[in-house]
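Here the structure comes first, spelled out in structure tokens, and everything after it is commentary.
Bear in mind these aren't lab numbers, they're just calculated from the coordinates by the rules spelled out. Computed from a predicted structure; not experimentally measured. Note that we place each Cβ from the backbone using ideal geometry, even for glycine, and neighbour counts take in every protein chain shown.
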Amino acid sequence: MITGTSQADCAILIIAGGTGEFEAGISKDGQTREHALLAFTLGVRQLIVAVNKMDSVNWSEARFEEIVKETSNFIKKVGYNPKTVPFVPISGWNGDNMIEPSSNCPWYKGWQKETKAGVVKDWWYWYCASR
């Protein structure tokens, strides 16, 4: 992981959204904390956070927002600016909301990024489609 991360321009931090799983990952010795800190320490300044296993919490908007809040507080301490970090709810098992918008999370409107040219809407889907 260290070799690949040290050469990356951007990291995608996959966080388990399941009950108990997120809490374990974000705990003092959790891998979520370790991976975010390692990425920043190795010079990766662009971060995307994918909240996985949203199907296991029935695509709960409240759960997603709780994870966004907790993770934002942590990544800010690491050195990232949470306002520039997209958070995306996904289900890797089902492929939901990874390439195309999912009907399972109608509350998620995408992440908007302001640029000098204007606002880029649905940035995540544009990014995935361009790869």
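Odds and ends about this structure:
- Each residue in I75, I26 was given a count of other beta-carbon atoms within 10 angstrom of its own, and listing them fewest first yields I26, I75.
- Label-to-label distance, T84 versus I12, with points set 7 angstrom from Cα along the beta-carbon direction: 2.1 nm.
- Contour minus Cα-Cα distance for T41 and E66 (0.36 nm per residue): 6.4 nm
- Extension gain for the segment Q31 to K77, taken as residue separation times 0.36 nm less the Cα-Cα distance, is 15.0 nm to one decimal.
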